[in-house]
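Following: one structure in structure tokens, then a few remarks.
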Amino acid sequence: MKSDNKLAGLGLLTAISASLCCITPVLALLAGTSGLASTFSWLDPFRPYLIGLTVLVLAFAWYQKLKPQKQIDCCDTTEKTPFIQTKKFLGFVTVFAGLMLAFPSYVHIFFPKTESQTIITDQSNIKTAEFTINGMTCAGCEENVNHEVNKLTGIIKTNVSYDNGNAIIEFDRTQTDIQEIEKAITKTGYSVTDKKEIK
């Protein structure tokens, strides 16, 4: 039964690894060290393989747990099975692994809603810039960039997209500028590869 425990542990490890690139921005936000957010973004291309491995490992662990065991009639062994070797434990591991695999779909709930409180005095001072960002892999990355940029004064609106690999930011040029916004983005650990004013 030790092999079942090893399989459950491996399944848990691969599930966490599959979502580590999305878990790290949340941990970075909670720790107040936003620069660590992109630490595991290199894992994103391997995510489909890690998900597949998790499913295979847990399926095999369940197969091992549910297949009929050979009974030995020579003696009566009514020894209590340790919890770590029970179906209930494997069930907990499976549910937790599922939650880890689905993490990118609900990561946004961990980030506080940050909306700017900028008072616009003159419309002619409002500018919009687009930043091309390298390293974002999920909604957690978007939220992390949003959170950091909205700490700046003069930010009116942010639209960050990991799908497009960019951020379109509206700001008051009398209160902040493109360089300050770029610094805020790079503070999260992602790199700005291009920036341009679009209006």
*Take the range 45-77 and flag every residue that is among the hydroxyl-bearing types (Ser, Thr, Tyr) and at pLDDT 70 or above.*
TYR49, THR54, TYR63
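Somewhere in the range 140-163, is a residue hydrophobic (A, V, I, L, M, F, W, C), under 18 Å from HIS108 (Cα atoms) and touching a residue at least 60 places away in the same chain (Cβ under 8 Å)?
yes
Select from the range 1-44 the residues that are among the charged types (D, E, K, R) and at pLDDT 70 or above and write down the one among them that is farthest from CYS138 (Cα to Cα).
Applying the first criterion (among the charged types (D, E, K, R)) to the range 1-44 yields 2, 4, 6, 44.
This time we only want the ones that are at pLDDT 70 or above, so: 6, 44.
Numbers: LYS6: 30, ASP44: 9 Å.
Per the stated criteria, the residue is LYS6.
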*Restrict the check to the range 151-161 and report whether at least one residue is in a strand (DSSP E or B) and basic (Lys, Arg).*
yes
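Okay, residues lined up against (1) outside the structural domain of SER19 (by TED's automatic domain parsing); (2) at pLDDT 90 or above; (3) in a helix (DSSP H, G or I); (4) among the polar types (S, T, N, Q):
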| position | (1), (2), (3), (4) |
| --- | --- |
| GLU115 | yes, no, no, no |
| THR121 | yes, no, no, yes |
| LYS127 | yes, yes, no, no |
| PHE131 | yes, yes, no, no |
| GLU143 | yes, no, yes, no |
| ILE168 | yes, yes, no, no |
| GLU182 | yes, yes, yes, no |
| GLY189 | yes, no, no, no |
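The values are calculated or read from the model by the stated rules, or taken from the named source; none is laboratory data. Keep in mind it's a predicted model, so treat the numbers as computed, not measured. Don't worry about glycine lacking a Cβ; one is built from the backbone with ideal geometry, like all the others, and counts go over all protein chains shown.
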